[in-house]
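Worksheet: the structure to be examined is printed underneath.
What follows draws every value from the coordinates through simple rules; no lab data is involved. Remember, it's a predicted structure, so these values are computed and weren't measured experimentally. All Cβ positions, glycine included, derive from the backbone under ideal geometry; neighbour counts span all protein chains shown.
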Amino acid sequence: MFLKDLFGLEDYPLEALQEILRRAAYFKKNQEDLIPSLEGKNIALSFWEPSTRTRLSFELAIKKLGGRVVNFLPEISSENKGESIDDTVQTLRSIGADALVFRHSTPGIFNSVAQLLDIPFISGGEGCYQHPTQALLDIFTLQESGLDLAGKQVVMIGDIVHSRVARSHFYALPLFGAKLTLVAPPSLLPPELVPAGASYFHHLEEAISDGDIIYLLRVQKERQAKGYVPSLNEYAALYGLDEKRMSLLKKDALLMHPGPVNIGIEINWEVIKHFENIYPQRILFQEQVQNGVFVRMAILDLFLNGRGS
């Protein structure tokens, strides 16, 4: 049911993803009485891109299960002496790593690197390819809120073309029976990117009122120098969730964001405060952050304790 590695969701059946979510729910319910299933194991974290939520939640997940964190910091490594990534991962294996959690900006690199290893290789985000643990924690958060995803409409808004979160959800959401609608300006949502079964719009008002879940993607400011949108102000005016667009939402629509939130671009501060004060159960940003720890605990436990093939 489980492969050796996890750097995408396309090869995993619903049964495997459900097992991860069941294990995450167990860990969350029993977090004060956990068996240290990673005791004696060394988990190497190698993040070649900035990360706060993903990296810290993996670190906490490892420690909660009794494992040891081995932090590899590229900025102080031998990379500047000419060491390749292949050399790095083989070194980590040679010094006793039992699994590797890796983040890198280059799409396609994980498949080749993972073939060099006989230990689990788990993605912490790969370029514009996928971010599988984020998609799984999103689904866990929705299920925990009491939502049955079957038949529900997820409206995903933002920088689709660069989003590894979106690409993981292209696989995950349909497996759980959800319908997906993508919304972005044409430069951030080419038609050839839209997966089979999904719909897409370039005008937010055409889609937002149908969403059971409104999933806001981060506008990746570091990419805007390439001119994907004329300006962040224009993007906010056309695609940001403001008070006017908030009035178009279903009365029970849920809000999600993978973080970090660009307040005033993807969503106005006034909208955030409105939901936090009036409908706190409908804005799931902090629950997503919290649940990342338990989902990543589940993944580490399952992939390191004999459930891989």
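Per the Debye formula with a single identical scatterer at each Cα and no solvent contribution, what log10 I(q)/I(0) holds for the range 146-283 at q = 0.13 Å⁻¹?
The Debye formula, applied to the Cα set alone, gives -0.51.
On alpha-carbon atoms, Rg over Rh for the range 120-212 using Kirkwood Rh? Don't skip to the end; give the middle numbers.
Working: Rg = 13.2 Å, Rh = 13.6 Å.
Radius of gyration relative to Kirkwood radius: 0.96.
Among Leu92, Phe27, Ile283, whose Cα sits farthest toward the positive end of the charge dipole of the chain (+1 at Cβ of Lys/Arg, -1 at Cβ of Asp/Glu, about the Cα centre)?
Phe27
Assigning unit charges at the beta carbon (Lys, Arg +1; Asp, Glu -1) and nothing else, what dipole magnitude in debye, to the nearest 20, does the chain show about its Cα centre? Mind showing how you got there, number by number?
On the way: 30 positive and 37 negative charges, 73 e Å.
It comes to approximately 360 debye.
Just the ratio, please: alpha-carbon radius of gyration of the chain over 2.2 N^0.38 Å, N its number of residues.
Values: Rg = 19.5 Å, N = 309, 2.2 N^0.38 = 19.4 Å.
Compared with the compact-globule rule of thumb, the chain sits at 1.00.
Take each uninterrupted DSSP H stretch in the chain, measure its Cα extent along the helix axis, and return the ones at 27 Å or beyond whose mean Kyte-Doolittle hydropathy is at least 0.0.
Values: long enough: 285-304 (29 Å, 0.74).
Correct list, ordered by number: 285-304.
Semi-axes of the equivalent ellipsoid of the range 1-79: what are they in whole Å, largest first, if each equals the square root of 5 times a C-alpha gyration tensor eigenvalue? Could you put the intermediate results ahead of the total?
On the way: eigenvalues 120, 71, 27 Å².
Whole-Å semi-axes of the equivalent ellipsoid: 25, 19, 12.
If the viscosity is 1.567 mPa s and the temperature 4 °C, what Stokes-Einstein diffusion coefficient in µm²/s follows for the range 9-129 when Rh is the Kirkwood radius over Cα pairs?
Working: Rh = 15.6 Å.
Answer, rounded: 83 µm²/s.
Based on alpha-carbon atoms only, what is the radius of gyration of the range 148-192 relative to the globular estimate 2.2 N^0.38 Å?
Values: Rg = 10.7 Å, N = 45, 2.2 N^0.38 = 9.3 Å.
Dividing the Cα Rg of the range 148-192 by 2.2 N^0.38 Å gives 1.15.
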